[in-house]
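Below is one structure; the comments refer to it alone.
Please treat every number below as a calculation from the coordinates, not as lab data. Being a predicted model, the structure only gives us computed values, none of them experimental. When we count neighbours, we look across all protein chains shown, and the Cβ atoms used for this are built from the backbone with ideal geometry, even at glycine.
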Amino acid sequence: MFDLQFTDAGVTVGDRSVDVRTSHAVAGLRDLLGPERLQRPVGVRGSGRTGHWLDSGVFLMSQLEESELVEVSVCFDPAAPRFPETPADFPSFLGRVLVAEWAFCGGDAERTILGLPDLEGFGGMRSVETGTIHVGFTLLKQMGRFGKRTGSRRLARIEVSWDGPKPFPGPRRTGLLFEGTGSGVVGIEK
């Protein structure tokens, strides 16, 4: 069990850090957080995004052949996968997640998350910005003995990204192709 700290500069575990803005961030995080259990394309087909499931219960998303880190996801509940491709035996993260002055553990009550300042979202999907870090929270009800989720929501997963959401690589879209038609068709910039 260890503390995983997210800062504006990157990710720290103990006395080791990885700068998330470098081209070797994904490799550095794999070395820091454990061996890779599975690597495969994720998200929209053709988006160029790759998922890296690590033995520590951490999921990394990269794009452009690992040259850019998109997101780090910490899974406290294996029943709350980030993508359908998540292996059935993907482990739970057993440590604490530290962001700014906050500390989170798997199973934290929803009221703990709702007490954060400037919280956005609704239901079981909440988020907060701190510095250049975007932190998303997935809150789920516990699985009951009959396979239904019951009771109050608890922290199941945390997604962390830096400098806001990353767009998919590819051509930029702009304006209406046919003005005055109201068709909503989008033109492609060259």
Cα gyration tensor of region 1-135, axes a ≥ b ≥ c as square roots of the eigenvalues: rounded (a/c below 1.5), prolate (a/b > b/c) or oblate?
rounded
Interchain or long-range residues, amide H under 5 Å from Val70's placed H
Met61, Ser62, Gln63
Out of residues 5 or more away from Thr130 or on other chains, whose amide H comes under 5 Å of its own, with H placed 1.01 Å from N in the peptide plane?
Val135
Calculate the dipole size of the chain relative to its Cα centre from +1 charges on Lys and Arg beta carbons and -1 charges on Asp and Glu beta carbons; express the result in debye to the nearest 20.
840 debye
Taking 7 Å along the Cα-to-C-beta vector as the label spot, tell me the Arg16-Gln39 distance in nanometres, rounded to one decimal.
1.7 nm
Calc'd 3J(HN,Hα), region 61-77, phi into Karplus 6.51 cos²θ - 1.76 cosθ + 1.60 (θ = phi - 60°), Hz, glycine/Pro = x, comes to 10, 10, 9, 6, 6, 6, 7, 9, 7, 9, 7, 10, 10, 10, 9, 8, 10
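What number, rounded to the nearest 500 deg cm²/dmol, is the helix-based mean residue ellipticity at 222 nm of the chain, given -39500 (n - 2.57) per DSSP H run of at least four residues and division by all its residues?
Details: 2 runs with 14 residues, N = 190.
Per the formula, -2000 deg cm²/dmol.
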Filter the trypsin sites (Lys or Arg not before Pro) in region 1-60 down to the DSSP loop ones having no more than 10 other Cβ atoms within 10 Å, then list what survives.
Arg45
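Please give me the summed charge of the neighbours of Cys105: other residues whose Cβ is under 14 Å from its Cβ, Lys and Arg +1, Asp and Glu -1.
-1
By how many nm would the segment from Ser67 to Ala100 lengthen if fully extended, with 0.36 nm per residue of separation less the alpha-carbon distance?
On the way: separation 33, 0.36 × 33 = 11.88 nm, distance 2.63 nm.
Roughly 9.3 nm would be gained on extension.
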Step through the residues of region 7-12 one at a time and calculate ³J(HN,Hα) from phi using the Karplus curve (6.51 cos²θ - 1.76 cosθ + 1.60, θ = phi - 60°), rounding each to whole Hz and writing x for Gly and Pro.
10, 4, 8, x, 10, 10
